[in-house]
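K.L.:
Below you'll find the structure I mean.
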Amino acid sequence: VGNYKRTVKRIDDGHRLCNDLMNCIHERARIEKVYAQQLTEWAKRWKQLVEKGPQYGTVERAWCAFMSEAEKVSELHLEVKGSLMNEDFEKIKNWQKEAFHKQMMGGFKETKEAEDGFRKAQKPWAKKLKEVEAAKKAYHAACKEEKLAVSRETNSKADPALNPEQLKKLQDKVERSKQDVLKTKEKYEKSLKELDNATPQYMENMEQVFEQCQQFEEKRLRFFREVLLEVQKHLDLSNVASYKNIYRELEQNIKTADAVEDLRWFRANQGPGMSMNWPQFEEWSADLNRTLSRREKKKASDGVTLTGINQTGDQASQPNKHSSSLSVQSNTVQSVQSSYNPFEDEEDTGSTVSEKEDNKIKNVSSYEKNQSYPTDWSDEESNNPFSSTDANGDTNPFDEDTSPAMEVRVRALYDYEGQEQDELSFKAG
C-alpha cells in the first residue's frame, strides 16, 4: 500500500529531466559559440601576422589557407549553435509545456490524476487488508491468552492448597479462551478470504492506472530519443558536405605551394632579378637645403627638436647637409618608408609630414613584409641623428614640452631599453 508513489514521482522526474536536457543543450550551444568566436579571433590575428610577416609566395597562400579554414569552420559551428538553440532547445521547451500542466495550488495535473487513480483503485483493497490485519491481531492475542490459561490450570492441579472452586474457575477460563481462539481464527480466515477475492479486481484497477502512467512515460522516452538523434545530426559535421569541402580545399591550397616558384619570385623581386637603381651624378638642389616655412618656424618654436634627419636612398651620401630642425612627438614610434623624403613637394602653407602619412595602425608582428632596410648604415658620429650638438647651434634638442607643434614618424633601427627616466624604450621597426 502506498508504493504507487514511486510511479507518481516519475512524472515529476520527467518534467525535471526536460529542464536538465535543455540545460545540457544550452551549455553545449554556448561552447560552440565560444569556440566559433575563438576560431575567428585566431584566424584574424594570424592572418594579419602572416600577411605582414616575411613569408611570401605560394607558401604564404598555403599558410593563410588555415585561417580561411578556421573562418569557415567558425561559421559552421555558429550554425550548430543556432540549430541547438532554435530547434532542439525550443522543441523540448514546447513539448514540456504541452505535456505538463501546472495547477494553481502547485504540482502538475498529470501527477494529481495518477495519484487519485492509484488511491481510488487501492482504497477498497487497502480497507480489507486493514480488516485482515485486525483479525490476525485478535487471533494471535486469543492464542496467547489460551496458552496462558492452560498453563495456569496445569500449575493449579499441582497445588494442594487450591480449593476446587478456584480450580473450576481456571478450567472455565481455559474453555472460554479456546472458544475465543476458534472465533477469532474463523474471522481471520474469513477476512483473508475476502481479501483474496478482492485481489484480482484490485490488481486490474491498479494496472489500468499504471499503464496510463507507462504510456505517458513512453511518450517522454520516445521524445527524448527523437531529440537526441536530432542533436546528434546537428553536432555531426562529418556528414555535412560543406565541412568536407573545407578540408578538401585546404589540402588543395597546401599542395599548390611551390618552393621553386617562390624562389623564382623572390629572385625577380628581391634578388638579382629586381630592377636596379645604380648611383648617378646628381646636381645640387636648393630645395634640399630649404628651411621650414614661416608658419612652421613659428609652430616649431616649442616641442622636442630632432636634428640631423638622414636622407635615405639616393640622398644617403649627404647625411648631414640637409638636416633641419623638426619637433617630433615623443610617443610616435610608427614606421616610415625610408625612401620617403619628408621635405618633398612641401608648400609654404605649412603642411606637415604627419598629414601626408597614412595613419593606419599596423598589427604587431615579428617582421613587416615590405619593410625598407635603411641604406644609411655608417656608424660615424656625423650620421647620428641624435647627436648632442644641434645643427643650428640651439639649446638641448631634448627639452621636454607638453605641446609639440609638428610630428614626423620615424623608424627604430635597433632594439633599445631606456637607461634613464627621460629615455624611451623601443623595438626595431
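The values are calculated or read from the model by the stated rules, or taken from the named source; none is laboratory data. The structure presented is a predicted model; accordingly, all values stated were derived computationally and were not measured. Please note: Cβ atoms are built from the backbone with ideal geometry, for glycine as well, and neighbour counts cover all protein chains shown. Remember, those area values only see protein heavy atoms, side chains included, never the ligands or the DNA or RNA. Shrake-Rupley method; radii C 1.70, N 1.55, O 1.52, S 1.80 Å.
K.L.:
In this structure, is M276 on the phi < 0 side of the Ramachandran plot, open to solvent by 70 Å² or more (accessible area, probe 1.4 Å) and assigned to a loop (DSSP other than H, G, I, E, B)?
P.N.:
Yes.
K.L.:
Working only within segment 232-263, note down all residues that are within 16 Å of L76 (Cα to Cα), acidic (D, E) and more than 23 Å from the chain's Cα centre (by Cα).
P.N.:
Answer for segment 232-263, where residues must be within 16 Å of L76 (Cα to Cα), acidic (D, E) and more than 23 Å from the chain's Cα centre (by Cα): just E249.
K.L.:
Restricting to segment 90-135, and then to whatever is touching a strand residue (DSSP E or B) at 6+ places or on another chain (Cβ under 9 Å) and among the basic types (K, R), can you tell me which residue is least open to solvent (accessible area, probe 1.4 Å)?
P.N.:
Once the filter is applied, the top-ranked residue is K109.
K.L.:
Shifting gears a bit: From the list K187, K183, K219, exactly one residue is open to solvent by 90 Å² or more (accessible area, probe 1.4 Å), under 30 Å from K93 (Cβ atoms) and touching a helix residue (DSSP H, G or I) at 6+ places or on another chain (Cβ under 9 Å). Which is it?
P.N.:
After ruling out the rest, the residue left standing is K219.
K.L.:
Another question, then. In segment 12-57, what residues are surrounded by fewer than 16 Cβ atoms within 10 Å (Cβ to Cβ), over 30 Å from A257 (Cβ atoms) and of a type in the set (D, E, K, R)?
P.N.:
Correct list: D12, D13, R16, D20, E27, R30.
K.L.:
Given the residues E204, E165, which is the only one that is at pLDDT below 95, surrounded by fewer than 14 Cβ atoms within 10 Å (Cβ to Cβ), under 30 Å from T111 (Cα atoms) and acidic (D, E)?
P.N.:
From the options E204, E165, the qualifying one is E204.
K.L.:
Out of the residues in segment 81-128 meeting the condition of being polar (S, T, N, Q) and part of a helix (DSSP H, G or I), tell me which one is farthest from L228 (Cα to Cα).
P.N.:
Q122
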